[in-house]
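Peer 1: One structure, as structure tokens, below. Some questions next.
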Amino acid sequence: MFRLKYTQAEAAWAYVFIMPALIGFLVLATFPILFGFWLSLTKWDAFTPPAFVGWANYRRLFTLREPLWYGTTIQNTLFFVLMMPVGVALQLSLALLVNMKLRLSRLFRSVFFLPTVTSAAVVAMVWFWMYDTNFGLINWLLSWFKIPPVPWLESARYAKPALWIMMNWQGAGYGMMINLAALQGIPIELHEAAMMDGAGPLRRFFSVSLPLLTPALFFQLVTGAIGAFQVFGQVWMTTRGGPARSTATVVLYIYNYAFANGAWGFASAGAYILALMILMLTIVQFYFQRRWVFYGL
Amino acid sequence: MASKVSSTPRTVHSPYMIALNILKGFILNLILLGLSVLALVPFWWMTTGGFKTLGDLFAFPPHLWPTKWSLDGYQRLFRYFPFVRNFANSVVISGLSTFGNLLSSSLAAFAFARMRFPGKNFFFMLFLSTLMVPGIVYLIPQFMIFRYLRWINSPLPLIVPAFFSNAFSIFMLRQFFSTLPAELEAAAKIDGANWPRIYLEISLPLIKPALVTLGLFAFMGSWNDLLGPIIYLSKLEQLNLTAAAAYLRTSYHSGENQNVEMAAATITVVPVLLVFIFAQRYIVSSLIFSGLKG
């Protein structure tokens, strides 16, 4: 520890510099985490004092006394989580396309990134009308192929895929950028060496690029899953969880219980279970990463 | 459209290979062009939708080009909704919170990257650990804190937290501060500069591209935020643009407002698009720099 020499003044200034972050950490992160956990053990309408009920909220969520939570909410959330890797694969393909040395590839990158900077809520507003069964743009395009009108957001069957398409239209640019950064970090010599050995483009992708992309893909799968568990804005704007609760997600459920029904303790318990689900999936992902993520270089 | 694919060291130059390459380039460009159309169509639908008459909006097949350009949507938007006010709210909320985020996060990031003090790694890991906690956990307890402070129905809950930094920003900016050469500080110290001056006058100007990128992301996050405003604000004239547009969508659930909705969506989206187009030079390079090597 002799290396760490610092003067009193330096340390003092450093603490001044990190003070706002430290206060934020204590007041806006640590305290809410503890306070929220305590709330999840109470029954509280936010007007009368909270009544301590122990694990009752969790029991209600874990046993089958809350059929809506189990039947649809968790299933729907899992749909978005399980479909997320498909989106990542699409984003990787997009990155491969714009990584080719074409004259306009910079322009294409910017175009694909545009949807990413727009508000998810506003995107949902626009897509809501594009998905319209009778006058929508999408059904018109499908009618070219003699496909009869699809009730996208009005049927329990199509609402989830419709939202998934919309979210991936918006998110594709961000994933493309991350994969592109990773692709450009691959030393060109490796590709040259593989070419010398007679490897074609496909072989080079699977044997050179893909192993070196695995850290980036891992990052995307972890953060993507965390995001997919927390789908809210798009659903709130379009279907409000319907039809027949086919798009009700966990965060929508928590929002409704807290801000609409005033069941703050119960909603807090839901938030903690969701956090636990996310944590468990993250741990599983980290556990399995050594099987496929390559940190060799 | 003519272009070529130069796949790294080309070894064969036979006319056959050249023709094949040109064909490959043509097909690739065609695919990318098709995908670009897919990426842009919703923007086209939104922008033209704001200028369409209701007759055009409820036509099948849809009119990609309005048969009559009408200002009906914009007129009704500004007549019945306080959209100028919402625009001002967005500017104030997003501007202040971006400033607060950059200021507090860059201070902490500078300390973590350039200064030595006891507990440095401990505090850094502590801040980073908050990235692991999903946002939904904070939602209810933070609401209760701001309710206790009587900040509900004011923009304060959307602005003040930014002044207490953000773990992601600290992490990103630390990466950039770390790349600066140590000699600069050493020279400044010999000249008698204290740490705040080194931060403000030497280090901060050197990481401008990172500040622009992060600032843009913070600005976008705040400008595009829906959940925050709908939780903390209840009056239409207090909302930011995104939430006001959402209010149009969800409260006036009727087809007669489709052009009003599209006008509102256009006004909400265009400023962010413009900022992005001006700043994209910085963004792409910073994103690629920060990459995923950390």
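What follows draws every value from the coordinates through simple rules; no lab data is involved. As the structure is a prediction and not an experimental result, all values here were calculated from the model. Heads up, the Cβs are rebuilt from the backbone with ideal geometry, glycines too, and the neighbour counts pull from every protein chain shown.
Peer 1: Which value, in debye to the nearest 20, gives the size of the charge dipole of chain A about its Cα centre, when Lys and Arg are +1 and Asp and Glu are -1 at the Cβ?
Peer 2: Dipole about the Cα centre, nearest 20: 300 debye.
Peer 1: If you don't mind, there's one more thing I want to ask. Where the centroid of each part is defined by its Cα atoms, how far is segment B:72-111 from segment A:170-246 in Å?
Peer 2: With segment B:72-111 and segment A:170-246 each reduced to a Cα centre, they are spaced 31 Å.
Peer 1: Shifting gears a bit: To the nearest 20 Debye, how big is the dipole of the protein assembly as shown about its Cα centre, given +1 on the beta carbon of each Lys and Arg and -1 on that of each Asp and Glu?
Peer 2: Here the size comes out at about 580 debye.
Peer 1: Follow-up question, since we're still on this one. Give the average over all directions of the projected area of the C-alpha convex hull of segment A:210-297, one decimal, in nm².
Peer 2: Result: a mean projected hull area of 7.2 nm².
Peer 1: Compute for the protein assembly as shown: radius of gyration divided by Kirkwood radius, i.e. Rg/Rh, restricted to C-alpha atoms, rounded to two decimals.
Peer 2: With Rg and the Kirkwood Rh in hand, the quotient comes to 0.98.
Peer 1: A further question on this structure: Placing unit charges on C-beta atoms (Lys and Arg positive, Asp and Glu negative, everything else neutral), compute the dipole magnitude of chain B about its Cα centre in debye, rounded to 20.
Peer 2: 360 debye
Peer 1: Averaging over all projection directions, find the projected area of the Cα convex hull of segment A:65-292 and quote it in nm² with one decimal place.
Peer 2: 15.7 nm²
Peer 1: Can you list the chymotrypsin sites (Phe, Trp or Tyr not before Pro) in segment A:258-297 that are in a DSSP coil and have 14 or fewer other beta carbons within 10 angstrom?
Peer 2: Passing sites in segment A:258-297 are A:PHE294, A:TYR295.
Peer 1: In whole Å, what are the extents of chain B along the principal axes defined by its C-alpha atoms, from largest to smallest?
Peer 2: For chain B, the Cα extents along the three principal axes come out at 75, 72, 35 Å.
Peer 1: Exposed loop sites here are trypsin sites (Lys or Arg not before Pro) in DSSP loop states with at most 13 other C-beta atoms within 10 Å. What is the longest stretch of chain B lacking them?
Peer 2: Formally, the longest exposed-site-free interval is B:151-234.
Peer 1: Please identify the helices of chain A, taking whole runs of DSSP H, that span at least 20 Å along their own axis as judged from the Cα atoms and have a mean Kyte-Doolittle score of 1.6 or higher.
Peer 2: For chain A, where a helix must reach 20 Å along its axis and average at least 1.6, the hits are A:75-98, A:210-229.
Peer 1: Which Rg and Dmax, in Å, describe the Cα atoms of segment B:58-130?
Peer 2: 24.4, 69
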